[in-house]
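> One structure coming up, written as C-alpha cells, with questions to follow.
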Amino acid sequence: MAQVVVVTGASAGIGRATVREFARRGAWVALLARGPDGLQAAAREVEAHGGRALAIPTDVADEAQVEAAAAQVEAELGPIDVWVNNAFAGIFSPFLEITPEEYRRVTDVTYMGQVHGTRAALKRMLPRDRGSIVLVGSALAYRGIPLQSAYCAAKHALQGFQDSVRAELIHAKSGVNLVMVQLPGVNTPQFDWVRAHIDGQPQPVGPVYQPEVAAEAIWFAAHSKRKEVVVGAPAMQAVVGDKLISGWLDRYLAKTAVEGQSGEPIAPGRPDNLFEPLPGDHGAHGRFGAGARTRSPMLWASRHRGPLAAAAALGGLLLAGGALARRR
Ligand SMILES: NC(=O)c1ccc[n+]([C@@H]2O[C@H](COP(=O)([O-])OP(=O)(O)OC[C@H]3O[C@@H](n4cnc5c(N)ncnc54)[C@H](OP(=O)(O)O)[C@@H]3O)[C@@H](O)[C@H]2O)c1
C-alpha cells in the first residue's frame, strides 16, 4: 500500500521538490496550493513516477479550506501518513512600512497555515495512533533578521507551537510525531514573488542550497522520531549564534543584512503572490543556482548520528586502551 502524503505549497519551490522526493519513493501525493498551473505540473510529475496525485486548490490561511482538503484526501487516497506544512508567504520591508493587513496576511499563511494543517492532520492521525507531521521552519525561527519581521516572527511562533503540541503528544503517549526542519537559504522562486517594500530585488543572505537538499531533509524528518532537523552549517551557526551572541548579531546584521538582502533595482509594478497566486508554472528552482550547494554534509552527519557517535565512542575507547597499554 502506497504512503499517502500531503504537501502544502506543493506547486513551487521546496514544496515542489518535496513532492518529487516523496513521489520517486513511491508515495501518493496530495498537492495543496493556490496556483492551478504549478499544481497541475506537480501532479504530472507524481504520475510520471507511477503514483497517484490529487491536486486540491487551497489557501492554507483559510482553516475551512484546509479541513475540506484533508477530508477529500482521506476519501480519495486513503488515511494520511505524512503531512508536510510548507506553504508560506513573505514580505521584505522595514517594519513600519508593512501595513497591518500585510502583516496579518504573512502571519495567516506562514504561521496559521501550519497550525491549520497540523490540526487537520492530527485530528485524523491521533485515533489511529500513527503518522508524521512536518513543520517547515528556518534558521530564522531562531534568529530574526532585518526586513523580514513578519516572517521571522511567524517562524519563531511555530517553534513555540511545536514545543507545546509535542509535549502534549508525549504526555498522551501518542505514536504521532511532530518534527520541525530548520532550513538555510534555498534557491527557490520566492525571491521573485515575495512582496517587497525595498528598492532592490529581494535576495538571500549567505550561501544557498538547492531545494532538493531541503526536500531530502523533509523526507528524512518525516520518517524519523526526531524533534528537529537542522540543515546546513549556516542554519546551525544561526541557531547556536543566537543563543550565545544575540546582541552582537543584532549589530552585525544591522551592518550586513539590510543592503545585503537587496539586489538590482526592482522593476516598477513587479507582481507578488501575497494575496493571490501568480500565473504559470514556476517550478522548484529560483535564479540563484550558480554556486548553490547541492549537498549538506551536516545533514548527512545528522542522518547518521547514531553510527557516528558509536564510531567516535569506539575510537575513544581504542585511544584510551592504547594509552593505558603504553603506560604499563
Ligand atoms: N527559500 C528559502 O531560502 C527558505 C529558507 C528557509 C526556510 N524556507 C521555508 O521553506 C518553505 C517553502 O519556501 P520556498 O522558498 O519554497 O517558497 P516559494 O518558492 O515562495 O513557494 C511557496 C509555495 O507556497 C505556496 N503558497 C503561497 N501562499 C499560499 C497560500 N496562501 N496557500 C497555499 N499555498 C500557498 C505557493 O504556491 P501558490 O502561490 O500556487 O499558492 C508555493 O507553492 C517555507 O515554509 C519557507 O519558510 C525557505
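> Pairs under 9 Å by beta carbon, first residue of a type in the set (F, W, Y) in segment 114-135, partner in a helix (DSSP H, G or I) and crowded, with 22+ Cβ neighbours inside 10 Å, six or more apart or different chains?
Pairs that qualify, where the first residue is of a type in the set (F, W, Y) and the partner is in a helix (DSSP H, G or I) and crowded, with 22+ Cβ neighbours inside 10 Å: there are none.
> Which one is farthest from A17 (Cα to Cα) among residues in segment 236-266 that are part of a loop (DSSP other than H, G, I, E, B) and touching a residue at least 40 places away in the same chain (Cβ under 8 Å)?
Residue satisfying both the conditions and the ranking: V258.
> Would it be correct to say that L126 is under 23 Å from Q72 (Cα atoms) and out of contact with any His (no Cβ under 7 Å at 6 or more places or on another chain)?
The answer is yes for L126.
> Taking segment 126-149 as the search range and keeping residues that are over 15 Å from the mean Cα position of the chain (by Cα) and crowded, with 24+ Cβ neighbours inside 10 Å, which one is farthest from the ligand (Cβ to nearest atom)?
L147
> Is segment 280-301 home to any residue that is farther than 25 Å from E212 by Cα and small (G, A, S)?
No, segment 280-301 has no match at all.
> Right, something else. In segment 6-27, what residues are in a loop (DSSP other than H, G, I, E, B) and either more than 9 Å from the ligand (Cβ to nearest atom) or of a type in the set (F, W, Y) (or both)?
Once the filter is applied, which keeps residues that are in a loop (DSSP other than H, G, I, E, B) and either more than 9 Å from the ligand (Cβ to nearest atom) or of a type in the set (F, W, Y) (or both), segment 6-27 yields R25, G26, A27.
> Quick one: which residue in A75, A61 is surrounded by fewer than 24 Cβ atoms within 10 Å (Cβ to Cβ), away from the ligand (no atom under 12 Å from the Cβ) and among the aliphatic types (A, V, I, L, M)?
Details: A61 fails: away from the ligand (no atom under 12 Å from the Cβ).
Just a single option satisfies the conditions, and that option is A75.
This table checks each residue for (1) of a type in the set (S, T, N, Q); (2) over 27 Å from G9 (Cβ atoms); (3) within 14 Å of the ligand (Cβ to nearest atom).
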| site | (1), (2), (3) |
| --- | --- |
| A222 | no, no, no |
| M236 | no, no, yes |
| R251 | no, yes, no |
| R287 | no, no, yes |
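> A further question follows. From A42, A30, which residue is under 12 Å from V4 (Cβ atoms) and surrounded by 24 or more Cβ atoms within 10 Å (Cβ to Cβ)?
Numbers: A42 fails: under 12 Å from V4 (Cβ atoms).
Testing whether each residue is under 12 Å from V4 (Cβ atoms) and surrounded by 24 or more Cβ atoms within 10 Å (Cβ to Cβ) leaves just A30.
> Residues to consider are P297, P265, P279; find the one that is under 30 Å from G35 (Cα atoms), of a type outside the set (D, E), touching a helix residue (DSSP H, G or I) at 6+ places or on another chain (Cβ under 9 Å) and loosely packed, with under 12 Cβ neighbours inside 10 Å.
Working: P297 fails: under 30 Å from G35 (Cα atoms); P265 fails: touching a helix residue (DSSP H, G or I) at 6+ places or on another chain (Cβ under 9 Å).
P279 is the lone residue from the list that is under 30 Å from G35 (Cα atoms), of a type outside the set (D, E), touching a helix residue (DSSP H, G or I) at 6+ places or on another chain (Cβ under 9 Å) and loosely packed, with under 12 Cβ neighbours inside 10 Å.
Values in this text are rule-based calculations from the coordinates and carry no lab data. Small disclaimer: the values here were computed from a predicted structure and weren't measured. A quick note on method: Cβ atoms are made from the backbone with ideal geometry, for glycine too, and the neighbour counts reach across all protein chains shown.
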